[in-house]
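What follows is a short report on a single structure.
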Amino acid sequence: MDSNMKRNLILDNYQNPVNRGIPKDNSYKKVNSKNESCVDNIDVAAKIVDGKIEDIKFDGDACAICTSASSVMTKELKGKTLKEAKAIIRNYQNMINELPYDEDSLGELNIYNEVYKQPSRKNCALLPMSSISKIIDSVE
Amino acid sequence: MLNREDFEILNDGLIYFDNAATTMKPRCVVDSIVEYYTKYTANAHRGDYDNSLRVDKKYEGVREKVKNFINADSVKEIIFTKGSTESFNMIIFGFMSVYLKKGDEVLLTKGEHASNVLPWLNLSKKIGFNIKYIELDENYRVTLDAVKKNISDKTKVISLAHITNAIGDVRPIEEIGKLCLENDILFVLDATQSIGHLKIDVKKYNISFMGFSAHKMLGPTGVGVLYGKEEILENLVPIEYGGGMNTAFSSDGYYEIKSLPARLEAGTRNIAGVIGMGSAIDYLTSVGMDKIHNYEMELKKYLINRMKSIPNIKLYNEDNDSGVLLFNVGNYFSQDVAIYLNQFKICIRAGNHCAKMLHEVICSSNTCRVSLYLYNNKEEIDKLVDALMNQDKILDTLV
């Protein structure tokens, strides 16, 4: 995928994010994450039933990379088992941190494979994943 | 611009508009630090040889310079610290921890920097004094009426920034100082954002304690000043104990500590930093604080006029008498704008500027901030405006 296509997909997820809005429903576990190096501030909520992410939503005030990555993340993790989700999260984190990763497991998240070139953006891209990781850790 | 040639970091097209975060250093400041490290390195107050005596003279000479710069009464009132944060922690944990009692009131505002909020919050939990926030007006400013309204017979301290780093409003400190004098209230001033921009007179403003950092006034990082009126500072209990601050100690538990200012300067201080700060004070004095302020105001006026020509721009604090301007461009997130401007070597700050309670007052918690200083010029402002005119390019830097 060329840079232009990636940029367009990021922009689309930034301007028209999916799964935005946290439901007022106690069956969702919610975690807030703030980026220590900048001001991204997002909530992620997930409904986990029988070891599977049945639904996942996000909301918050964040930059284009963080907001769009949250949107794409919810698309990629919805319906996955916790085991599958953890593998995706690990691969994604490795991609951002320039470590070996399996791109086949990442789907649309591959559009962030050049974020490492802008170090100040790395934390923005990682923030939504740290939220869902906290939720998964809390149920396991 | 004033003296731009003294700042060689600006020679390669760097446009530095983040002066509220830190400032560039003129050659003379760097030279004074290099000279200490290459010509006469020694500890202060320790030796009987030439270099050590030269260090003493330089180090104590800076105390005299600071005293004159802020019009203090005595060099005993000037303590060298790591910077504003340490100064405020010393004031609050070394003095206020003894001075304040349960039920007393301390007045702050929601526009204060973290270092003038967090130590208070921490201590108030231990002692039980109350923190009240003076309401800001519609332009996020502190008015004298709002201060008066909040003063009660329980008010013991008012602790405010002279200029806030996020809003850039200049507080009416002379009048607030007078109110404090009339009501027997201690006045603590955070001069971090003003020390390099406005003339400060601690006596005229009736300041009890004050803190500032050298790096915001053309000096090096890691050094700053705690000022305290002598009779009050005498009661500030040292937080740090060790070399240089004691006169005697013995195994039976006896120890005796030195008089001011040495009592509050335990351990080897940042000698090179202090010398660099002295050089920065000389530099600012030679340019002239009034001249610096007037030039900044001229630039600010130009900045506002030019920024107003940008479509979808929102300016938050255009009426303030400082070189700080907050803005947002359309619905773009402030950090995206800052990263976009970086490709033109334009440095601005995005975020909440360490004043994290301010979003309770200002509608947008995240803003872009331009903060000016003497070496900025109109051509740089033109380049900023040109870049912001091409708003549709802001998100091109995503990949």
| request: Rounding to the nearest 20 debye, state how big the charge dipole of the protein assembly as shown is about its Cα centre with +1 on each Lys and Arg Cβ and -1 on each Asp and Glu Cβ. | output: 520 debye
| field | Residue order, fewest to most beta carbons within 10 Å, for B:221, B:155, B:285, B:23 | value | B:285, B:221, B:155, B:23
| Net charge of Cβ neighbours under 11 Å - reference residue B:345; Lys, Arg +1; Asp, Glu -1 | -1
| message | Charges on Cβ only, +1 for Lys and Arg, -1 for Asp and Glu, centred on the Cα centroid of the protein assembly as shown; of B:113, B:332, A:118, which one is farthest towards the dipole's positive end? | response | B:113
| Cα axis of helix A:3-15 to longest principal axis of chain A: angle in degrees, 0 to 90, nearest 10? | 40 degrees
| Evaluated over region A:1-130, the Cα radius of gyration and Dmax, each in Å | 13.8, 42
| message | Strictly over 27 Å apart at the Cα level, which of A:34/B:378; B:76/B:216; B:148/B:204; A:52/A:134 would you flag in this model? | response | A:34/B:378
| Ratio of Rg to Rh over region B:248-399 (Cα coordinates, Kirkwood Rh, two decimals) | 1.18
| field | Links that overshoot a 24 Å alpha carbon limit, given the list A:24/A:122; A:6/A:78; B:199/B:229 | value | A:24/A:122
| Cα axis of helix A:64-77 to longest principal axis of chain A: angle in degrees, 0 to 90, nearest 10? | 50 degrees
| field | Residues of type aspartates and glutamates that residue B:308 reaches as a straight line, Cα spacing below 17 Å, ignoring anything fewer than 8 places off in the same chain | value | B:298, B:318, B:319, B:379, B:380, B:382, B:386
| remark: Once amide hydrogens are built 1.01 Å from N within the peptide plane, the residues lying 5 or more places from residue B:246 or on another chain with amide H under 5 Å from its amide H are B:258
| remark: Helix B:173-182 sits off the longest principal axis of the Cα atoms of chain B, rounded to the nearest 10 on a 0 to 90 degree scale, by 40 degrees
| said: Taking θ = phi - 60°, what integer Hz values does the Karplus form 6.51 cos²θ - 1.76 cosθ + 1.60 yield along region B:302-309, in sequence order, with x for Gly and Pro? | reply: 5, 4, 5, 4, 6, 5, 5, 7
| said: Which log10 I(q)/I(0) values does region B:160-236 give at q = 0.14, 0.15 Å⁻¹ under the Debye formula, counting every alpha carbon as one identical point scatterer? | reply: -0.45, -0.51
| remark: For the protein assembly as shown, the convex hull over Cα atoms projects on average to an area in nm² of 29.8 nm²
| At 222 nm, what helix-only mean residue ellipticity would the protein assembly as shown give, in deg cm²/dmol to the nearest 500, using -39500 (n - 2.57) for each DSSP H run of four or more? | -11000 deg cm²/dmol
| remark: At R0 = 56 Å the Cβ-Cβ FRET efficiency linking residue B:290 and residue B:247, nearest 0.05, sits at 0.85
| note | Most exposed first, judged by fewest Cβ atoms within 10 angstrom, A:75, A:24, B:393 run A:24, B:393, A:75
| remark: Other residues with Cβ under 12 Å from the Cβ of residue A:116 give, with Lys and Arg +1 and Asp and Glu -1, a net charge of +1
| field | B:28, B:180, A:66 arranged by Cβ crowding within 10 Å, fewest neighbours leading | value | B:28, B:180, A:66
| Hull surface divided by four, with the convex hull built on the Cα atoms of region B:39-107: how many nm²? | 6.8 nm²
| task | Using Cα positions and a limit of under 12 Å, work out the aspartates and glutamates in reach of residue B:39, with same-chain residues fewer than 8 apart set aside. | result | B:31, B:50
| said: Using just the Cα positions, wrap chain B in a convex hull and report its mean projected area in square nanometres, one decimal place. | reply: 21.6 nm²
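Every read-out reported here was derived from the displayed coordinates using simple, explicitly stated rules and does not represent laboratory data. All of these numbers come straight from a predicted model, not from anything done at the bench. We place every Cβ from the backbone using ideal geometry, glycine too, and count neighbours over all the protein chains shown.
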